[in-house]
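Notes follow once the structure below has been shown.
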Amino acid sequence: MDKDKIIENLKKELKKILTNNYKDIKPQLEKDLTTFFETSKDKLERWIVLFSTGDLNEEEFEWLLKSQLDLTVLQALQTAGISKIKLNTIKNNIIKMIIQIITSLILPKV
């Protein structure tokens, strides 16, 4: 498993999906996603390996992602005046999409 390739594919897919779904806040969202990936790359790689080997289940992986995303805080979106409710919805969508993308990248196609 090439962790760098998985992270790059994750970034590309996540940015594509999110910026299509949130066109009105695309610049802020892209900035926050870039910050998230810069600050979280090592942890993401480690968690992806653990998730792919079964040492982390989906619930644990999701919890780790939520805690890391909470640390990133999505500053650009907050600065743009996005409500806390909408921020939480965006964060939850990001986490769900990360799990779906990672699962599709690491699990063999049947």
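If we scan region 75-86, do we find a residue that is within 13 Å of the chain's Cα centre (by Cα) and surrounded by fewer than 19 Cβ atoms within 10 Å (Cβ to Cβ)?
No, because not a single residue in region 75-86 is within 13 Å of the chain's Cα centre (by Cα) and surrounded by fewer than 19 Cβ atoms within 10 Å (Cβ to Cβ).
If we keep just the residues of region 45-57 that are touching an Asp or Glu at 6+ places or on another chain (Cβ under 9 Å) and touching a residue at least 24 places away in the same chain (Cβ under 8 Å), which is most open to solvent (accessible area, probe 1.4 Å)?
Per the stated criteria, the residue is V49.
Quick grid of which residues meet (1) in contact with a His (Cβ under 9 Å, 6 or more places away or on another chain); (2) at pLDDT below 85; (3) not hydroxyl-bearing (S, T, Y):
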position	(1), (2), (3)
E8	no, no, yes
E30	no, yes, yes
W47	no, no, yes
T53	no, no, no
E59	no, no, yes
T72	no, yes, no
I94	no, no, yes
Q100	no, no, yes
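Restricting region 1-44 to residues that are among the acidic types (D, E) and open to solvent by 50 Å² or more (accessible area, probe 1.4 Å), which is farthest from W63 (Cα to Cα)? Talk me through it step by step, then tell me what you get.
Filtering region 1-44 for residues among the acidic types (D, E) gives 2, 4, 8, 13, 24, 30, 32, 38, 42.
Filter once more, so that each one left must be open to solvent by 50 Å² or more (accessible area, probe 1.4 Å): 2, 4, 8, 13, 24, 30, 38, 42.
Details: D2: 24, D4: 22, E8: 22, E13: 21, D24: 28, E30: 23, E38: 19, D42: 17 Å.
It comes out as D24.
The values are calculated or read from the model by the stated rules, or taken from the named source; none is laboratory data. Since we're looking at a predicted model, the values are computed, not measured. Cβ coordinates were reconstructed from backbone atoms using ideal geometry, including for glycine residues, and neighbour counts include every protein chain displayed. Accessible surface areas use protein heavy atoms only, side chains included; no ligands, DNA or RNA. Shrake-Rupley method; radii C 1.70, N 1.55, O 1.52, S 1.80 Å.
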